[in-house]
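Notes to accompany the following structure.
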Amino acid sequence: MKKTTFFVAIAITFTATLSSCKSTRLASNDYDVEVVEVVEEPVRSVKNIILVIGDGMGPAQVTASIVQAQGDNSQFLRFPYSGFSRTHSYDKYTTDSGAGGTAIVTGHKVQNGHIALSPNNRPWPSLFYTLNKEQGLSTGFVVTSSVLDATPASTYAHVPDRHMWDRISLQMSQCPHTVMMGGDKEHFLPANRKDDLSPLDTLRLRGYELVYNIDSMVNSTSTKLVALPFMGNPPSAATRNDFLPKGVEKAISILNQDPDGFALLVEGSQIDWAGHNNDSEFLKEELSDFEKTLKIILDFAEQDGNTLVVVTADHETGGLALVNGNIENGTNDTRWIHGSHTAVMVPIFSYGPGSNYFSGIKQNTDIYHIIMNLFGQTILEK
């Protein structure tokens with residue numbers, strides 16, 4: 001019998017990928033079948049990622065921000081794509097910031113109170129760690145909370161309790177971030193610790209410049225910087241001297257020196273605090289600070305052309321409602337339902353290469369997987 005060769009192509013769809021082929025020959029008594037398998041090789045389509053978290057920022061907070069910026073001046077209107085994120089945690093209908101931040105940066109739901117640690121104590125690496133170790137990106141964060149708080153900690157720490165300050169600070173002192181900026185110098189000082197250790201000495205020995213005021217942060221010429229301008233948590237936006245926009249501008253200037261690209265986390269942490277306090281004036285100040293920071297980020301991304309910006313929240317706080325207001329004057333008449341988190345979906349805004357993939361209704365864990373796909377990282381376990 002005459003042998004006949006059959007060619008079978010198997011295609012696998014994968015976001016932002018490029019194909020390569022490998023051939024396998026299968027023999028039988030009557031014919032040979034050559035299977036040409038199309039193997040999808042992930043291709044990186046983004047150089048930089050700036051992930052921005054408005055802690056506690058739900059749809060009403062975003063609406064309030066747009067109104068008080070008097071419409072066209074709001075930076076939220078510059079985003080070409082938007083969607084929603086579902087925020088429940090592994091074990092609760094309503095998430096906390098530890099589980100919420102972990103889901104966004106690791107792609108895994110965890111129990112409330114946990115930081116990047118599974119229910120069976122498996123550590124989940126953050127996208128910042130993976131992009132640093134596997135692709136050489138410079139990484140960092142700028143937050144208006146303690147640098148040990150839930151959201152920044154989820155980028156570098158693995159603990160079963162988000163309040164384990166001594167342990168989290170030790171893990172921060174050993175993490176690969178290039179820049180780390182926020183509050184809470186006091187938890188790094190041996191006199192305030194149960195273990196009498198000095199994580200600041202560890203950071204200094206690893207080549208970081210340590211600065212303790214905003215002017216020194218702005219004027220630093222170091223390529224590895226830890227800025228702790230506040231002994232405890234940073235004050236509100238009204239009195240912290242533009243720390244967040246100045247810190248973000250400085251962080252970008254340092255990280256952008258890396259030809260391999262960078263990944264930066266930015267958090268407007270105290271939007272959440274205003275919600276817990278049901279304080280509408282506090283919220284107004286924090287949203288104004290957030291808008292100012294977004295302008296710096298979006299202006300950079302627009303000029304750079306290779307930077308993806310994703311803005312979302314870990315959860316909503318306070319159950320904010322806007323019952324009246326004046327669009328022309330930029331005022332909102334607000335009401336709150338309680339002083340804790342709610343389970344309402346939170347918005348996702350995206351700008352830059354790959355931004356179209358973030359539209360629609362997502363799980364908060366999807367944000368991680370989309371970002372990693374755009375950086376050409378194959379995710380083996382979801």
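The values are calculated or read from the model by the stated rules, or taken from the named source; none is laboratory data. Since we're looking at a predicted model, the values are computed, not measured. So basically every Cβ, Gly included, is an ideal-geometry build from the backbone, and we count neighbours across all protein chains shown. Just the protein is used for accessible areas: all its heavy atoms, side chains included, with ligands, DNA and RNA removed. Shrake-Rupley method; radii C 1.70, N 1.55, O 1.52, S 1.80 Å.
For the range 181-227, filtering for residues that are of a type in the set (Gly, Ala, Ser) and out of contact with any strand residue (DSSP E or B) (no Cβ under 9 Å at 6 or more places or on another chain) leaves 3.
For Lys194, indicate whether it is open to solvent by 10 Å² or more (accessible area, probe 1.4 Å) and touching a Gly at 6+ places or on another chain (Cβ under 7 Å).
Numbers: open to solvent by 10 Å² or more (accessible area, probe 1.4 Å): yes; touching a Gly at 6+ places or on another chain (Cβ under 7 Å): no.
When the stated conditions are applied, Lys194 does not pass them.
Of note, Asp289 does not satisfy the criterion of being under 20 Å from Gly100 (Cβ atoms), in a helix (DSSP H, G or I), at pLDDT 95 or above and among the charged types (D, E, K, R).
Go over the candidates Glu209, Glu249, Glu186 one by one and state the one that is under 24 Å from Lys295 (Cα atoms) and modelled with pLDDT of 95 or more. Of the residues listed, the single one that is under 24 Å from Lys295 (Cα atoms) and modelled with pLDDT of 95 or more is Glu249. In the range 308-352, the qualifying residues are those that are hydrophobic (A, V, I, L, M, F, W, C) and part of a loop (DSSP other than H, G, I, E, B), and the one that is nearest to the chain's Cα centre (by Cα) is Ala313. Each residue in the range 177-191 was checked for being buried (at least 23 other Cβ atoms within 10 Å of the Cβ) and closer than 8 Å to Leu228 by Cα, and 3 of them qualify.
Name the residue that is farthest from Val309 (Cα to Cα), counting only residues in the range 85-122 that are in a strand (DSSP E or B) and open to solvent by less than 10 Å² (accessible area, probe 1.4 Å).
Checking each candidate, the answer is Ile115.
Confirm whether Ser82 is out of contact with any Leu (no Cβ under 8 Å at 6 or more places or on another chain) and part of a loop (DSSP other than H, G, I, E, B). So Ser82 fails the test.
Filtering the range 54-77 to residues that are farther than 18 Å from Gly318 by Cα and buried (at least 17 other Cβ atoms within 10 Å of the Cβ) leaves Ile66, Val67, Gln68, Ala69, Ser74, Gln75, Phe76.
The set of residues from the range 337-351 being in contact with a strand residue (DSSP E or B) (Cβ under 8 Å, 6 or more places away or on another chain) and open to solvent by 50 Å² or more (accessible area, probe 1.4 Å) comprises Ile337, Ser340, Val344, Met345. Where strands (runs of 3 or more DSSP E) fall entirely within the range 197-284, those with at least 1 residues that are in contact with a Phe, Trp or Tyr (Cβ under 8 Å, 6 or more places away or on another chain) and open to solvent by less than 60 Å² (accessible area, probe 1.4 Å) are at 225-230, 262-268.
Scan the range 168-196 for residues that are of a type outside the set (Ser, Thr, Tyr) and either over 26 Å from Ser236 (Cβ atoms) or assigned to a helix (DSSP H, G or I) (or both) and the total you get is 18.
Scanning the range 153-167 for residues being in a helix (DSSP H, G or I) and within 16 Å of Pro123 (Cα to Cα) gives a total of 2.
Look at the range 253-264: where a residue is within 10 Å of Thr307 (Cβ to Cβ) and a partner is in a loop (DSSP other than H, G, I, E, B) and among the basic types (Lys, Arg), sitting 6+ places away or on another chain with Cβ atoms under 9 Å, you get Gly261/Arg44; Gly261/Lys47; Phe262/Lys47. For Arg167, indicate whether it is out of contact with any Lys or Arg (no Cβ under 9 Å at 6 or more places or on another chain), open to solvent by 60 Å² or more (accessible area, probe 1.4 Å), free of Cβ contacts under 8 Å to residues at least 40 places away in the same chain and closer than 20 Å to Val143 by Cα. So Arg167 fits the description; yes. Evaluating Asn373 against the criteria (1) part of a strand (DSSP E or B); (2) of a type in the set (S, T, N, Q); (3) surrounded by 15 or more Cβ atoms within 10 Å (Cβ to Cβ) leaves one unmet condition, (1).
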